[in-house]
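> Handing you this structure, nothing more for now.
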Amino acid sequence: MSVTSKSASVVTKLRRQVKGGSRSKLRRSAFLCLLTLSVLATGSAIADIYLPNLFPFFNATGLSATYSSTGRVDLSGPFFQSLGTNGRTCGTCHAPSDGFGLSAADARFKYIISRGKDPLFSQVDGSTCPTGEVDSSLLVNNGLFRIGLAVPPNATDPSPAQYTITAVQDPYGCALTVNAQGQQIASVYRRPLPTTNLGFLSAVMFDGRESLTNPLNNKQTFAANLNADLTQQAIDATLGHAQANEAPTPAQLSQIVKFEFSLNSAQLFDFAAGDLSKRVNGGPRFLSAQSYYPGINDSLGADPQGKPFTPNVFTLYKFFENSRNPQQASIARGEEIFNTQPLTISDVPGLTTGNQQIAGTCTTCHDTFNVGNHSFSLPLDIGNSHSATYETDANILAALNQLQTPRVPVFELVCTQGPLAGNTYYTSDPGKALISGQCSDIGRGKGLILRGLAARAPYFHNGAAANLTEVVKFYNQRFQMELTHDQMRDLVNFLQTL
């Protein structure tokens, strides 16, 4: 039997076992599949290896899966080949089993079975510092990679920054360093972004740094600009994360981007609610057919087709409303809460100014239909990278107390120029300000696509929420949602089906 035939046989058995409730057999099958993918992630891609569409992978609440427009998920292309010097592939940090992201549970699993020798833990960014003693604790516990970014002036912004930056907490001794060119390098710690569902992006990278030249804000240029952005991102990732001596070839880059474009990932099955694509529109196959254009349903009124904003962004589970299955009914209630529960938005740079307050819902910031990011680039600072030690906003402080914030550096940024001169900010991640040099961008980053959440815990860019319950508790405090315990449970149940 060929490898591909074996894959088809495995997925058929898995689906039967799901229907038959044989979870112990499912776990064994999924474990063997994870071992296979672990081998592939080290760079040992083999010709003609693939996953059938909708191949299921276990997570805490059910099964996730990926649908490829090519008919199958090819595991033999350059995405799964080592193109650098440290053994990493794109698949090392973007695993099919994790919705093409990386869960902390998967990182811990790889650490245990490899005794920390897997290429995932390469010191360049898999350790708390790029030199000295190797410490992979942030990657193992929170799924965080160290990202070293030059403080402006830099190649992106040659003008001086509007702020000075110092480290007021430096637990690892490399929060701020100086490189050979005399540039100040800030170490920030971020979760890897999924390399799936990319056709809905409004910015590439958390701080949007790969979309500065080719913005994703126009329907006519969207496909070409996204292709250019992802191509550059693949070059930078190979030269940086994989420590390659040269960029991938044009053919390899084309194959990587084409592969990424083909993927849609989402939760497929919920242990309590059952099949999420039967009589409802969950799962990756329906997601692959979701219509989108930049600015669709823009909550700030800038939809390029002139259509008014509707808060009813998610419409996946309406059929569950009157279900006798209590989990299905809870999911439907959670979807309604996400769409309509009032909240008060305040102190969110990028959306509000000064003491301004905005009445909204979750979909004010998550306005893309059935996807959940903002359809135009809208980097925001919601406060989850603030330091509780220095925080003065009572709502942000209450929200931070719901999280398990990892032990990372804290920076003090003092604005010396521009309209915010004289202001001081404390954050573990200056966000877009490390790219633009602008005080108005301090702490701001993009909202992520929500589909496939269950496959890639922990949450937020800094891994501060260990699970979706903590995410909901954070937002409940941060934006005064006043959710009851039952409502929070309903909202969690909905989010874990995305």
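Just so it is clear, none of the values below were taken in a lab; they were calculated from the coordinates. What you are looking at is a predicted structure, and each value in this text was computed from that prediction instead of being measured. Positions of Cβ are generated from backbone atoms using ideal geometry, with glycine treated the same way; all protein chains shown enter the neighbour counts.
> Please identify the chymotrypsin sites (Phe, Trp or Tyr not before Pro) of the stretch 388-459 that satisfy two criteria: DSSP loop assignment and at most 16 other Cβ atoms within 10 Å. Which are they?
Working: sites: Tyr390, Phe411, Tyr425, Tyr426, Tyr459; in loops: Tyr390.
Here the sparse-neighbourhood loop sites are Tyr390.
> For Tyr163, what is the net charge nearby, where nearby means another residue's Cβ is under 12 Å from its Cβ and Lys, Arg count +1, Asp, Glu -1?
Working: positive: none; negative: Glu412, Asp441.
Here the count lands on -2.
> Determine, for Thr61, Thr196, the number of other Cβ atoms within 10 Å of each Cβ, and report the residues in order from fewest to most. Write out the running numbers ahead of the final one.
On the way: Thr61 23, Thr196 28.
Arranged by neighbour count, lowest to highest, Thr61, Thr196 become Thr61, Thr196.
> Further question: Give the span of the stretch 253-351's Cα atoms along each principal axis, as three whole-Å numbers ordered largest to smallest.
Taking the Cα atoms of the stretch 253-351, the three principal extents are 44, 41, 27 Å.
> Give the residues of the stretch 454-498 whose amide nitrogen is closer than 15 Å to a point set 7 Å from the Cα of Lys307 in the direction of its Cβ.
none
> Add -39500 (n - 2.57) for each DSSP H run of 4 or more in the chain, then divide by its residues: what number comes out at 222 nm, to the nearest 500 deg cm²/dmol? If you can, show how the numbers build up before the last one.
Numbers: 14 runs with 146 residues, N = 498.
After summing the helix terms and dividing by residue count, I get -8500 deg cm²/dmol.
> For the chain, the longest stretch holding no trypsin sites (Lys or Arg not before Pro) located in a DSSP loop with at most 16 other Cβ atoms within 10 Å is which? Present the calculation step by step, with values, prior to reporting the outcome.
Numbers: sites that count: Arg115, Lys117, Lys219, Lys278, Arg279, Arg324, Arg407.
The answer is 1-114.
> Which chymotrypsin sites (Phe, Trp or Tyr not before Pro) in the stretch 136-216 sit in a loop by DSSP (not H, G, I, E or B) and have at most 15 other Cβ atoms within 10 Å of their own Cβ?
Numbers: sites: Phe145, Tyr163, Tyr172, Tyr189, Phe200, Phe206; in loops: Tyr172, Phe206.
When the chymotrypsin sites (Phe, Trp or Tyr not before Pro) of the stretch 136-216 are filtered for loop state and at most 15 Cβ neighbours within 10 Å, nothing remains.
> Taking the structure as given and computing Cα extents along the principal axes in Å, which label from [x] 66, 53, 43; [y] 78, 67, 53; [z] 75, 74, 44 fits?
Correct label is [x].
> Using the Karplus equation 6.51 cos²θ - 1.76 cosθ + 1.60 (θ = phi - 60°), what ³J(HN,Hα) coupling, rounded to whole Hz, does each residue of the stretch 479-484 give in order, writing x for Gly and Pro?
10, 6, 6, 6, 6, 6
> In the chain, once you exclude exposed GluC sites (Glu not before Pro) (DSSP loop, at most 15 other Cβ within 10 angstrom), what's the longest stretch remaining? Don't skip to the end; give the middle numbers.
Working: sites that count: Glu133, Glu246, Glu321, Glu482.
My reading of the result: 322-481 is the longest stretch.
> Hey, another quick one. List the residues whose amide H sits under 5 Å from the amide H of Phe100, counting only those 5 or more places along or on another chain, with H placed 1.01 Å from N in the peptide plane.
Ala95
> Please give the contour-minus-distance gain from Ala223 to Tyr390: 0.36 nm per residue of separation, less the Cα-Cα distance, rounded to one decimal in nm. Numbers along the way, then the final one.
On the way: separation 167, 0.36 × 167 = 60.12 nm, distance 4.28 nm.
Fully extending the segment from Ala223 to Tyr390 adds 55.8 nm.
> While we're here: Sort Val73, Val348 so that the residue with the fewest other Cβ atoms within 10 Å of its own Cβ comes first and the one with the most comes last.
The fewest-first ordering by Cβ neighbours comes to Val348, Val73.
> Could I ask something else about it? Compare the Cα positions of Gln357, Ile396, Asn325 along the charge dipole of the stretch 324-443 (+1 at Cβ of Lys, Arg; -1 at Cβ of Asp, Glu; about the Cα centre) and return the one farthest towards the positive end.
Asn325
> Could you give me the ³J(HN,Hα) list for the stretch 329-343, computed from phi with Karplus coefficients 6.51, -1.76, 1.60 and θ = phi - 60°, whole Hz, x at Gly and Pro?
5, 5, 4, 4, 5, x, 4, 5, 4, 4, 6, 10, 5, x, 9
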